[in-house]
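K.L.:
Submitted below is the structure of interest, expressed as structure tokens.
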């Protein structure tokens, strides 16, 4: 079960918010003073400490959009940070994204689920890799062979992440949480990492498998209705594929809801989840079948009554016939 608990004060004190899988930003980052109170404490730009549960990965950003301009960190649980100022994120978190990943997996996969490109729009040289941890030494090895300048970061300008996988990009080697990092969930296509301020800055990365059975967690604070559907200067579109929807980050103009204040943004209509849609369809089919059966039964009964009148109806008809045929006195 994915779970993140964030606190207003250092050392896990003060009002807190507890989140499961989801996304929160701006005014929706709210906490409460104790387990019995409601979520009415504003924690936007106020979080000072955080706990991340096992099997949970959380990305926190200093801006309302996903990018490293205002600072960004990705914490992989189990992990606790008693003072976020020590990693450069004290009292500045305005966007939180939480995912669950598989800690133990009996299925060994050799699939190359992440593709990195040295050019924009998936051009240049391409390197593919699967689940695992990749520090600078491994990225430079013959296994991956990413290009880079001498001693510098690797040349990565676009990427593709397969469905069911998470890719964490670190600007520091050995997955350090003191440097900026980005988290992408598949299926995602990112034709231009410059939109996130991440051109040629990769020094290490982790590839995780999403735990789709983890559920949303418990005692969750209200979810930001916008989720990650819009971001300033970087609208998100979807492209249909055989495996579902692919998240493609396109360089389109900012949507109005992306730049407006969070409190002024109206929640967009959200389509039902696939499982809910299937349940609704099943119920409608059952109702239709019942109605058809009832119509058939009513038609059959009416047919029987027409072909075989009841005894009382026949007796009444006989009496009328007898009176009509009786001789006159």
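K.L.:
Kindly identify segment 1-102 as rounded, prolate or oblate by the Cα gyration tensor criterion: order the square roots of the eigenvalues as a ≥ b ≥ c, call it rounded if a/c is under 1.5, otherwise compare a/b with b/c, prolate if a/b is larger, else oblate.
P.N.:
Numbers: a/c = 1.30, a/b = 1.09, b/c = 1.20.
Note, shape of segment 1-102 comes out rounded.
K.L.:
Given R₀ = 25 Å, what would the calculated FRET efficiency be for residue 125 paired with residue 194, taking r from the Cβ atoms and rounding to 0.05?
P.N.:
Working: r = 18 Å, r/R0 = 0.71.
FRET efficiency, residue 125 to residue 194: 0.90.
K.L.:
Suppose the chain between residue 27 and residue 83 were pulled fully straight at 0.36 nm per residue; how much longer would it get relative to their current alpha carbon spacing? Before the final figure, lay out the partial values.
P.N.:
Values: separation 56, 0.36 × 56 = 20.16 nm, distance 2.22 nm.
Using 0.36 nm per residue and subtracting the Cα-Cα distance, I get 17.9 nm.
K.L.:
Could you rank the peptides 77-87, 56-66, 18-28 by their average count of other C-beta atoms within 10 Å per residue, with the highest value first? Could you put the intermediate results ahead of the total?
P.N.:
Details: 77-87: 16.2, 56-66: 23.5, 18-28: 21.4.
Order by mean packing, descending: 56-66, 18-28, 77-87.
K.L.:
Mind sorting 192, 133 by how few other Cβ atoms lie within 10 Å of their own Cβ, fewest first?
P.N.:
Working: 192 17, 133 13.
Ranking 192, 133 by Cβ neighbours within 10 Å, fewest first, gives 133, 192.
K.L.:
Oh, and also: Based only on other Cβ atoms within 10 Å, what is the fewest-to-most ordering of 7, 39, 120?
P.N.:
Details: 7 22, 39 19, 120 15.
Listed from fewest to most nearby Cβ atoms, that is 120, 39, 7.
K.L.:
Let me ask something else. Just grab the label-to-label distance for residue 138 and residue 299, each label 7 Å out from Cα along the Cβ direction, in nm (one decimal).
P.N.:
Distance between the two pseudo-spin positions: 6.6 nm.
K.L.:
For residue 145 and residue 38, calculate 0.36 nm times their separation in residues minus their Cα-Cα distance, and state this gained length in nm to one decimal.
P.N.:
Numbers: separation 107, 0.36 × 107 = 38.52 nm, distance 5.18 nm.
Roughly 33.3 nm would be gained on extension.
K.L.:
Fully extended, how many nm does the chain gain between residue 103 and residue 288 (0.36 nm per residue separation, minus their Cα-Cα distance)? Don't skip to the answer; put the middle values down first.
P.N.:
Details: separation 185, 0.36 × 185 = 66.60 nm, distance 4.49 nm.
So the extension gain works out to 62.1 nm.
K.L.:
Let me ask you something else. What ranking of 147, 129 emerges when the number of other C-beta atoms within 10 Å of each C-beta is taken as an exposure proxy, fewest first?
P.N.:
In order of increasing Cβ crowding within 10 Å: 147, 129.
K.L.:
Could I ask something else about it? With a 10 Å radius around each residue's Cβ, average the other Cβ atoms per peptide and rank 92-101, 279-288, highest first.
P.N.:
92-101, 279-288
Here, each number is a calculation from the coordinates, and none is a lab measurement. None of the values given here were measured: they were computed from a predicted structure. Don't worry about glycine lacking a Cβ; one is built from the backbone with ideal geometry, like all the others, and counts go over all protein chains shown.
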